[in-house]
Amino acid sequence: MGGNAAGIAASGGNNPGRFVGDQAEPTRDQVNAPGILDAIMTPEPSPVRGIRTTAIHAGESPDPVTGASAPSIVMSTAFVADAGVSFSAEDFGDNTPYLYTRWKNPTVDQLEKKLAALEGAGGSVAFASGMAAVTALLLYTLRAGDHLVISDISYAATAEMTNELLPRLGIGVTKVDMSDPANVKAALRPNTKLVYAESPANPILRLTDLEAVGRIAHEKGARFAVDATFASPIGIQPTQLGADFVLHSLTKYINGHGDAIGGAVIGSAQDMAAIKKEIAIRTGGILSPFNAWLIQRGAATLPLRMRAHEEGAHAVAQFLEEHPKVTRVIYPGLPSHPQYALAQKQLKNTSGMITFQVKDGLAAAPVIAKRLSVIHYAVSLGHQRSLVFYLPTRDMLRTSFKLTPAQEQSFRAFAGDGIFRLSVGLEDPADLIADLAHALDGI
């Protein structure tokens, strides 16, 4: 939304507030004063709106200088300021004018407001990647001597960070199977400061009862965080179920087009202001304005895309479940999912993520990859095009998860000896089914 007005010589039109002909360009005070940019970024209070309207309009309003309806990109790293304005993070606050894009940027601000609105939360902070967001949250909530309880299955880089970096910083880590809230309760200690869930969990699509786990965490004085990347804000809004923090890899469903990396932490306005000041500004893992613009454009169609992802995934999952060469399908929208009742209760959209198994998947993977023509054999997920990738269980256990024998047994109950992780895109389901049928015929 609204670009930096400085340096823009608008042409044409006679609407009030625009600069035409040889009239003066905006003054520095007009451009950089919190008033005009706040008006650009923060529309007047309005009634609660539907999710589709929110996805399109939250955080945006027409540019008051040019009248542009579509958001524009502010790529400037620096902004003209009045003499005497503090350039210290210690003084950073809501009324700090735009000074330097590492601090805040109009385009990134718009995206952050849209994300908070989609989650029904007080604020958000955008980062350069999902892992930058995870790192920021962990650094914000945990100190030496603190204890973290985290899902034993989570995004690989998150798992690796909790295996290695946090213990080096003097932070205790306990990993538990969060499909049973009792496991969380048993793992809590007097110094537990954060409980961290991932639901649905990457890559096995195991669910956590967020209301139950959040209640357990809060009873012991711990904060509760949920990585809801696989569900998106259309599938679940964890802050409405008791979570203090929500994490998203914006690279995935929210962007939705496989062309921009980003991440976000979402929560209360107070926590987000502190994360912005204490972590984002000082560590510098900020989101590029160009990526923010791409992600914001993707977010506008998120509700419609998630409906199509879900419809396509249902059709593909049913096909796979009936295929003679597929030994197991895991999809929260199928009654065969071991937590189907929880999925029906908790998820408003069961997303486009499927895992499936075939006999000797490691040998089958190169055959399937070669025979696919519509689906791309590639990592990542949540794009408009369908993606599939084989994940060997032994590699995940050795490099990322490092589970106890009991946890490994639970993991294998979901994952067997390995799984194909399939991200169903927006193609016609019949074409995806035909592509998978042709690929499976080769094994």
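Worth a mention:
- FRET efficiency estimate (nearest 0.05) - Cβ-Cβ, residue 189 to residue 362, R0 60 angstrom: 0.95
- Using a cutoff of 8 angstrom between alpha carbon atoms and counting only pairs six or more residues apart, the relative contact order for the stretch 76-136 works out to 24 percent.
- Paramagnetic reach from residue 144 in the stretch 166-198 [backbone N under 20 Å; point 7 Å along Cα→Cβ]: 166-174, 191-194
- Largest-first ordering by accessible area, 1.4 Å probe, given options 360, 180, 435: 360, 180, 435
- Exposure of residue 414 as accessible area (Å², to 10), given a probe of 1.4 Å and all protein chains: 20 Å²
- Taking 31 Å as the limit for the C-alpha separation, the pairs 114/370; 193/277; 113/348 exceed it in the case of 114/370.
- The mean accessible area for residues of the stretch 284-443, using a 1.4 Å probe and ignoring ligands and nucleic acids, is 43 Å² per residue.
- In terms of its C-alpha gyration tensor, the stretch 254-306 comes out oblate, because a/c is 1.5 or above while a/b does not outweigh b/c.
- Peptides 262-270, 363-371, 107-115 ranked from most to least packed give 107-115, 262-270, 363-371, packing being the mean of other C-beta atoms within 10 angstrom over each peptide's residues.
- Note that the stretch 150-278 presents 31 Å² accessible area per residue, ligands and nucleic acids not counted, probe 1.4 Å.
- The stretch 184-291: C-alpha gyration tensor shape, a/c 1.5 cut-off, then a/b vs b/c: oblate
- Ordered by 1.4 Å accessible area with all protein chains kept, 345, 402, 277 run largest first as 345, 402, 277.
- The stretch 61-193: C-alpha gyration tensor shape, a/c 1.5 cut-off, then a/b vs b/c: prolate
- Accessible-area composition of the chain, carbon plus sulfur, in percent [1.4 Å probe]: 54 percent
- What the stretch 48-116 shows is 50 Å² of accessible area per residue, with the surface traced by a 1.4 Å probe over protein heavy atoms.
- Each of residue 220 and residue 348 was given a label point 7 Å from its Cα along the Cα-to-Cβ line. The distance between the two points is 3.0 nm.
- Sequence of 176, 80 when ordered by accessible area, the most exposed leading, probe 1.4 angstrom: 80, 176
- Cross-link partners of residue 252 among aspartates and glutamates (Cα-Cα below 13 Å; sequence separation of 8 or more within a chain): 227
- The DSSP beta bridges internal to the chain are antiparallel in roughly 60% of cases.
- Computed from label points 7 Å out along Cα-Cβ, the spacing between residue 328 and residue 437 is 2.7 nm.
- Computed [θ] at 222 nm, deg cm²/dmol, the chain (DSSP H ≥ 4; -39,500 (n - 2.57); rounded to nearest 500): -10500 deg cm²/dmol
- Mean Cβ count within 10 Å, highest first, over the residues of peptides 197-206, 383-392: 197-206, 383-392
- Note on residue 57 and residue 430: their simple-model spin labels are 3.8 nm apart, each label 7 Å out from Cα toward Cβ.
- The stretch 302-371 and the stretch 224-276 have Cα centres separated by 23 Å.
The values are calculated or read from the model by the stated rules, or taken from the named source; none is laboratory data. What you are looking at is a predicted structure, and each value in this text was computed from that prediction instead of being measured. Positions of Cβ are backbone-derived with ideal geometry, glycine not excepted, and every protein chain shown enters the neighbour counts. Surface accessibility is based on the protein's heavy atoms, side chains included, excluding ligands, DNA and RNA. Shrake-Rupley method; radii C 1.70, N 1.55, O 1.52, S 1.80 Å.
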